[in-house]
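**Student:** First the structure, which I've put down as structure tokens, then a few questions once you've had a look.
The values are calculated or read from the model by the stated rules, or taken from the named source; none is laboratory data. Computed from a predicted model, the values in this text were never measured in an experiment. Methodologically, a virtual Cβ is constructed for each residue, glycine included, from the backbone with ideal geometry; neighbour enumeration extends over all protein chains shown.
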Amino acid sequence: MAGKELNATSAALLGLLHEGSMTGGQLMAEASRRLGPFWTMTRSQVYRELPALAEAGYVRVGKPGPRASVPYTISAAGKRAFTRWLNEPSRIGLLRDPIALKTVFADAMSDDARAELYDDATEQHQEAMSHARSLVKEYSTEDPGASAAMEFAVGYHRSALNWLKKR
């Protein structure tokens, strides 16, 4: 990874480690809390990227603690790599939505199954939008950047709900 561009997962982990040392489990919890409404990160991604970040010299590995949990700390090289990543031009992400995917093949579904798919999706997007709205407020004073990112999540769910109304 040294000398190469960071992937988004590695960059997100380095960004979270700016807050202080964390174990893989703590990073997962923090990623879910701060990024979850607009960015998914799986446990396997986190535990795959941490050793690569350590090998590149972007994080330092601490001594194992209780239940063999290992703390990771961002290094000076990691901070520089993260800053480079932040300043690189970005492209929009590719959308992978299972409801849209199933909609492509909706003619193979019964009317009841299709209606249930859209009803369930509507409920999930309403709940997710409500959660993201609460995070916009929660982060508004402590972390304006996180608040703005949560506004993106609100907009995404609002758009999905508008699309679902047409189904």
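**Student:** Any residue at all in the stretch 47-56 that is under 30 Å from residue 129 (Cβ atoms) and at pLDDT 95 or above? Talk me through it step by step, then tell me what you get.
**Tutor:** The first filter runs over the stretch 47-56 and keeps only residues under 30 Å from residue 129 (Cβ atoms), leaving 49.
Among the residues that remain, those that are also at pLDDT 95 or above are: 49.
The answer is yes; a qualifying residue exists.
**Student:** Still on this structure, please answer the following. Which residue, of 122, 103, 83, is polar (S, T, N, Q) and under 22 Å from residue 30 (Cα atoms)? Spell out how you get there, then give the answer.
**Tutor:** Details: 122 fails: under 22 Å from residue 30 (Cα atoms); 103 fails: under 22 Å from residue 30 (Cα atoms).
After applying the criteria, what remains is 83.
**Student:** Still on this structure, please answer the following. Need pairs with beta-carbon distance below 7 Å; first residue farther than 13 Å from residue 6 by Cβ and within the stretch 67-81, second of a type in the set (S, T, N, Q) and part of a loop (DSSP other than H, G, I, E, B); sequence gap 6+ or separate chains.
**Tutor:** 71/21; 72/21; 73/21
**Student:** Is it fair to say residue 91 is under 24 Å from residue 10 (Cβ atoms), without any contact (Cβ under 8 Å) to a residue 40 or more places away in the chain and not polar (S, T, N, Q)?
**Tutor:** yes
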